[in-house]
Amino acid sequence: MNRQICTGPLPAAGLSRRGFLNRFGMGLGGVALANMMQPANVLAALTNGGADKGILNGQFHFPPRAKRVIYLFMAGGPSQMETFDYKPVLNQRNGEQLPDSVRQGQRLTGMSGNQSSLPLAGSQFGFQQYGKNGTWVCDLLPHTAKVVDDLCIVRSLYTDAINHDPAITFFQTGSQLSGRPSIGSWIHYGLGSDNENLPSFVVLITPGKVDQPLYARLWGSGFLPSQHQGVQFRSGKEPVLYLNNPDGVSPQSRRALLDRLNELNAHDAAQLGDSEVDARIGQYEMSYRMQTSVPGVMDLSDEKPETFDLYGPDSRKPGTFAANCLLARRLAEKNVKFIQLYHQGWDQHGDLPKNISIQCRETDQASAALITDLKQRGLLDDTLVIWGGEFGRTAYSQGKLTKDNYGRDHHPRCFSMWLAGGGVKPGYVHGETDDFGYNIIKDGVHVYDFQATLLRLLGIDHERLTYQFQGRRFRLTDVHGEIVQALLA
């Protein structure tokens with residue numbers, strides 16, 4: 001049986017979870033018997049009187065800067081040369097071969113590794129300077145440029161993975177191999193929930209945009225108890241699958257069924273001492289409460305016209321990235337702790353000028369609007385917003401370079417992302433890449449460094465939030481990573 005590990009003392013040396021519960025008031029068995037006529041109280045007894053404070057029980061390792069996270073994941077790998085890393089040298093040397101002194105023998109993917117030519121490709125889009133510090137932003141992102149003084153842009157991210165699945169899995173779980181808990185699951189495990197009627201970890205995906213697949217394991221709980229997994233919300237009549245009662249089943253009969261089921265599960269928990277039984281009770285109860293809470297948060301009809309105008313015309317279309325950004329703000333208002341948005345389509349090996357224009361048009365206004373909206377409502381200070389993908393793109397063209405067209409292959413050695421709110425330094429640019437946008441020359445930030453810093457902003461020491469599984473303690477940053485102090489306000 002797996003045991004949770006935290007910084008506080010264990011109940012007693014060598015005492016199993018079952019033994020501990022039985023020693024003190026017969027544990028869950030006593031709870032179950034005492035509450036047999038009041039099954040709804042079982043869940044409250046299992047969660048510290050109804051408050052889910054996580055394994056840290058509200059005892060932060062550091063004073064938290066952020067209470068919640070909205071993570072805008074641009075799946076596919078946006079090109080840094082067409083977003084936030086201005087490289088005029090590429091335009092000056094457009095068509096020349098990538099110098100060996102720049103490549104430095106680094107591996108390439110199989111998609112461009114066999115090309116006889118690796119011609120440098122300058123961006124077809126202009127850059128201008130914005131904000132108090134004259135930050136360079138591509139013309140494809142005019143709305144983001146307007147909020148640049150609220151952004152903390154990191155131009156020196158790097159990762160260990162060169163292909164999509166391991167790279168996304170690495171960013172989301174701390175491992176290139178599947179099976180580890182996702183960031184949102186770790187945060188729920190550590191900090192619990194601030195809203196008993198909604199999941200602590202919600203996932204929103206822009207539909208109809210599939211170039212690289214997304215898997216439910218990206219928001220899964222891995223070896224953590226299953227109540228820590230993300231819950232996907234969808235547009236349409238059934239926002240959460242299998243949540244609604246079947247035809248002919250009344251709320252009263254559903255409540256009665258859950259009451260009897262909780263009695264059986266509480267008895268099972270007392271006999272086995274298995275955390276998954278506790279999780280099952282909690283998930284059934286959460287699902288019941290979500291039947292009334294989810295429709296309310298998903299209904300955008302009470303939003304003002306000027307709010308829809310802020311997010312753009314797509315915000316009136318359920319399921320779009322803009323609508324999901326607006327929904328993310330509503331979930332943040334409800335104190336949902338981790339809100340994960342996925343927007344696919346950034347894998348631009350060819351036709352990059354055309355395709356990245358579409359992607360930016362779909363995401364630019366809504367991303368900037370989210371910052372503005374949170375700020376206007378006093379939520380940005382304690383909400384950490386993140387924008388970025390799993391890696392960057394190459395300075396050279398994949399395939400044929402023409403006057404008006406080119407593509408870019410995967411590039412893990414340097415790329416850009418931004419953060420805002422939640423205790424990060426606004427109007428700041430961190431890190432620097434070489435003139436070709438190929439290598440980091442100053443202040444590199446590894447994926448583990450990013451994850452360690454994210455947890456630090458939430459008040460968590462990434463080295464101390466651990467879970468024992470298969471004989472050793474695991475953590476999100478397994479097993480290195482440094483907090484990037486320069487990013488903190």
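The values are calculated or read from the model by the stated rules, or taken from the named source; none is laboratory data. Model, not experiment: these values are computed from the prediction. Heads up, the Cβs are rebuilt from the backbone with ideal geometry, glycines too, and the neighbour counts pull from every protein chain shown.
Below, the figures for the structure above:
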item: Residue selected from segment 226-237 under the condition part of a loop (DSSP other than H, G, I, E, B) and modelled with pLDDT of 85 or more, by the criterion surrounded by the fewest Cβ atoms within 10 Å (Cβ to Cβ); result: 234
item: Among (1) acidic (Asp, Glu); (2) touching an Asp or Glu at 6+ places or on another chain (Cβ under 7 Å); (3) at pLDDT below 95 - the single one residue 478 does not satisfy; result: (2)
item: Segments classed as helices (runs of 4 or more DSSP H), wholly inside segment 242-332, with at least 2 members that are within 21 Å of residue 373 (Cβ to Cβ) and of a type in the set (A, V, I, L, M, F, W, C); result: 275-298, 305-311
item: Some residue of segment 345-364 being in contact with an Asp or Glu (Cβ under 8 Å, 6 or more places away or on another chain) and among the basic types (Lys, Arg); result: no
item: Conditions (1) under 30 Å from residue 184 (Cβ atoms); (2) among the polar types (S, T, N, Q); (3) surrounded by fewer than 21 Cβ atoms within 10 Å (Cβ to Cβ); number of the one not met by residue 383; result: (3)
item: Filtered residues of segment 183-196 (kept if touching a residue at least 60 places away in the same chain (Cβ under 8 Å) and under 27 Å from residue 366 (Cα atoms)); result: 183, 184, 187, 188, 193, 194, 195
item: Enumeration of residues in segment 52-97 that are of a type in the set (Asp, Glu) and touching a helix residue (DSSP H, G or I) at 6+ places or on another chain (Cβ under 6 Å); result: 82
item: Answer residue from segment 209-219, given it is in a loop (DSSP other than H, G, I, E, B) and buried (at least 17 other Cβ atoms within 10 Å of the Cβ) and is nearest to the chain's Cα centre (by Cα) among those; result: 214
item: Contacts under 8 angstrom Cβ, first residue in segment 432-461 being free of Cβ contacts under 8 Å to residues at least 60 places away in the same chain, partner polar (S, T, N, Q), 6 or more apart; result: 441/433; 452/477
item: Test: residue in segment 337-347 that is outside any loop (DSSP other than H, G, I, E, B), among the β-branched types (Val, Ile, Thr) and over 30 Å from residue 185 (Cβ atoms); result: no
item: Looking only at segment 471-489, and only at residues there that are exposed (fewer than 14 other Cβ atoms within 10 Å of the Cβ), free of Cβ contacts under 8 Å to residues at least 40 places away in the same chain and not charged (D, E, K, R), the one that is farthest from residue 381 (Cα to Cα); result: 471
item: Identity of the residue in segment 108-123, part of a loop (DSSP other than H, G, I, E, B) and touching a residue at least 60 places away in the same chain (Cβ under 8 Å), that ends up surrounded by the most Cβ atoms within 10 Å (Cβ to Cβ); result: 121
item: Counted residues, segment 199-208 - those being more than 12 Å from the chain's Cα centre (by Cα) and under 28 Å from residue 464 (Cα atoms); result: 2
item: Among (1) hydrophobic (A, V, I, L, M, F, W, C); (2) over 17 Å from residue 389 (Cα atoms); (3) touching a residue at least 60 places away in the same chain (Cβ under 8 Å) - the single one residue 419 does not satisfy; result: (2)
item: Residue satisfying condition, being farther than 26 Å from residue 291 by Cα, modelled with pLDDT of 95 or more, of a type outside the set (A, V, I, L, M) and in contact with a strand residue (DSSP E or B) (Cβ under 9 Å, 6 or more places away or on another chain), within set 201, 223, 170; result: 223
item: Some residue of segment 84-102 being under 30 Å from residue 193 (Cβ atoms), touching a Phe, Trp or Tyr at 6+ places or on another chain (Cβ under 8 Å), among the charged types (D, E, K, R) and surrounded by 20 or more Cβ atoms within 10 Å (Cβ to Cβ); result: no
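Per-residue answers, yes or no, for (1) over 30 Å from residue 158 (Cβ atoms); (2) surrounded by fewer than 19 Cβ atoms within 10 Å (Cβ to Cβ); (3) touching a Leu at 6+ places or on another chain (Cβ under 8 Å):
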{"site": "176", "(1), (2), (3)": "no, yes, no"}
{"site": "183", "(1), (2), (3)": "no, no, yes"}
{"site": "221", "(1), (2), (3)": "no, no, no"}
{"site": "240", "(1), (2), (3)": "yes, yes, no"}
{"site": "269", "(1), (2), (3)": "yes, no, yes"}
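So that you can scan it fast, the table gives a plain yes or no per residue for (1) over 19 Å from the mean Cα position of the chain (by Cα); (2) among the small types (Gly, Ala, Ser):
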{"position": "301", "(1), (2)": "yes, yes"}
{"position": "348", "(1), (2)": "yes, no"}
{"position": "352", "(1), (2)": "yes, no"}
{"position": "361", "(1), (2)": "yes, no"}
{"position": "366", "(1), (2)": "no, yes"}
{"position": "378", "(1), (2)": "yes, yes"}
